[in-house]
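Comments concern the structure below.
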Amino acid sequence: MTELQAILRLARNDFSYFFRTKWLMAILLSLHLSDMLVVASTYNGFMTTDYTKIFVPAVVIMGLFVAALDTGRRIWLAFREGVIQYYLSLPISIRGIVLAYLLAGGLAALVYSTSLLLVALVVLPAQAIWNILVLMPFLFILAMGLAGIAASLAALASTHGEYFFAYQSIIQMMLLTLSTVYYPMEKVAAYLPSSLLGIVSANPLSLAAQAMRENAFGGAPIQPSLLLSILASSLPFTVIGAVAYYMALQAVQRKGKL
């Protein structure tokens, strides 16, 4: 078996594991669909703007975010239950293991968010379908970046397992607070200090939400600069997560455990 085949097999196994946790899928889907179909309509009833066009894209990006972060939970469980030692015994390099998990995390997040998009088709303009197809590869890179964040948190918490979900909650709160996922920039700018607005603008979640609102739900032509911005802001997360996970795996290989 070649290295590439081993990577694809491991990625397929982790990808399928996400969708085998039926209770998790049911909870996530019910929460996001209730947000999309109930909360957005309720808020829209007492707001002067069409909040549905703001909130429904936010739910899609949140689905991508949550599904990608679940990669960290699977890596954390692999550390705690000794599965990592089994993976290290397979004919696959450490780099291959890292790549397989990032690919699986990105793909699971993309498939999950696409399922939410299918529900949102009822409010999407016809010309938005092509825009969504163009956005998909860049959303996949974003999902891999978010999976990288989750992998780095799992590696950090591998020796203190009880802290993993605390770390994840802190990062989740920071990324969402400093973003335009739920509100447009003009609303966020009215409440956050001007020193933080640059961070909000560069946040990959903000950029993805902007692309979904303007190009998918708004039907506007896609600007290449926006796609490049999503790519540039997501890649550092992927690299940081890959390096952190790689170093943790090296430590396990040397010592037998962390």
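The values are calculated or read from the model by the stated rules, or taken from the named source; none is laboratory data. In this text, all values refer to a predicted model and were calculated from it rather than measured experimentally. Don't worry about glycine lacking a Cβ; one is built from the backbone with ideal geometry, like all the others, and counts go over all protein chains shown.
Might you let me know whether the range 22-42 holds any residue that is at pLDDT below 70 and of a type in the set (S, T, Y)?
Checked the range 22-42: at least one residue is at pLDDT below 70 and of a type in the set (S, T, Y).
Could you list all residues from the range 1-21 that are at pLDDT 70 or above and either over 22 Å from the mean Cα position of the chain (by Cα) or farther than 30 Å from Q85 by Cα (or both)?
If the condition is that a residue be at pLDDT 70 or above and either over 22 Å from the mean Cα position of the chain (by Cα) or farther than 30 Å from Q85 by Cα (or both), then T2, E3, L4, Q5, A6 are the ones that fit.
From L175, L226, grab the single residue that is closer than 19 Å to M62 by Cβ and either surrounded by fewer than 22 Cβ atoms within 10 Å (Cβ to Cβ) or at pLDDT 80 or above (or both).
On inspection, the qualifying residue turns out to be L175.
Any idea which of (1) among the small types (G, A, S); (2) modelled with pLDDT of 90 or more; (3) on the phi > 0 side of the Ramachandran plot is the one G82 doesn't satisfy?
Here G82 meets the rest and fails (2).
If you scan the range 162-215, which residues turn out to be of a type in the set (G, A, S) and without any contact (Cβ under 8 Å) to a residue 12 or more places away in the chain?
Hits for the range 162-215 are A166, S169, A189, A190, S194, S195, G198.
Looking only at the range 83-100, how many residues end up being in contact (Cβ under 8 Å) with a residue 24 or more places away in the chain and either closer than 30 Å to S34 by Cβ or not in a helix (DSSP H, G or I) (or both)?
Total meeting the criteria: 4.
Looking at the range 212-239 only, could you name the residues that are of a type in the set (A, V, I, L, M), within 26 Å of D70 (Cα to Cα) and either in a loop (DSSP other than H, G, I, E, B) or under 15 Å from the mean Cα position of the chain (by Cα) (or both)?
M212, I230, L231, L235, V239
Just to be sure before I move on: is T159 modelled with pLDDT of 85 or more and surrounded by fewer than 22 Cβ atoms within 10 Å (Cβ to Cβ) in the structure I sent?
No, not satisfied.
Of (1) in contact with a Gly (Cβ under 9 Å, 6 or more places away or on another chain); (2) surrounded by fewer than 13 Cβ atoms within 10 Å (Cβ to Cβ), S194 satisfies all except one. Which?
Condition (1) is where S194 drops out.
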